[in-house]
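One structure is given here, and the rest of the page talks about it.
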Amino acid sequence: MPSPFPGMDPYLEGEMWQEFHQTLASTIRAQLMPYLKPKYVALLAKRFVVDQPALDILDVPGERSIYPYVHVVKPRISELAALYAVEGTTIPTEVIPTLTDEEVPVLSVEIRDVAERRLVTAIEILSPANKRGKGFEDYVERRQNIFKTPTHLLEIDFLRGGRRIPFARKLTPAPYYVFLSRAQNRPNTAVWAIPLQNKLPTVPVPLLSPDPDVPLDLQAAVNACFELVGYENLLDYTIPPPPPELSAEEILWVNAQLHQNPQPST
């Protein structure tokens, strides 16, 4: 059974995000490879981003707090007593995470020409670590370094939360975006602003001139992730989607989608 949503599934933006992120990168590569061979190849590139995930711990109904890479279970008072009970001492009122740096793996897709291994197009799938704190600053620096090269840059932002990529003017409001910076057209960037209710677009992936662009069907890529993993069996559709909170109109639409497309209980 596929996702109950026609486009991006907002329930993926929680504790399943890292797993989905890696699967999406792999399905994008698999979709592009038939268009690229034999002159080009799509490679998965992994790097580690320094992140402070505790900055984005968000309370949700019930006993659990979640943020996109790990879920944290709040200890109950009885558990605190067992952990900290020492004769003559007082049990702490709560236990909260300390702000510590983590190294988070991030996958991207690199289109390279086979003959010289040149990086032709970088496809970045933004993660929570790219959209907050030092990770955001590092990502902005990384993209500026790419802009100094003849490499095309395709950026996929399927996260409603966090800071957006900076532009010369304000973006059209939307929960999701795709950005394409062609090397020969900088500083201009093509923007796809994607409403929650819409299917994900098919976008061009530039290659070396005079070779034509190849298509990347993002909706087919997300659908392939669901078909492969079965995220609909792992996501809890009985609770509100992960933060940030949806608008009243979006909540009504989400509830209607879940009513029309009931999912198996988790």
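Where a number appears in this text, it was derived from the coordinates with a stated rule and is not lab data. Quick caveat, the model's predicted, so the values are computed rather than measured.
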Return the sequence-ordered ³J(HN,Hα) values of the range 163-178 in whole Hz as given by the Karplus equation 6.51 cos²θ - 1.76 cosθ + 1.60 applied to θ = phi - 60°, using x for Gly and Pro. 7, 8, 4, x, 10, 5, 9, 5, 6, 4, x, 6, x, 10, 9, 10
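Please give the per residue volume of the convex hull enclosing the alpha carbon atoms of the range 183-266, rounded to a whole number of Å³. Write down the numbers at each step before the final one.
Details: hull volume 11.8 nm³, N = 84.
Enclosed volume per residue, from the Cα hull, is 141 Å³.
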Residue by residue through the range 211-222, which ³J(HN,Hα) values in whole Hz follow from phi under the Karplus form 6.51 cos²θ - 1.76 cosθ + 1.60 (θ = phi - 60°), with glycine and proline marked x? 5, x, 4, 10, x, 10, 8, 5, 5, 5, 5, 5
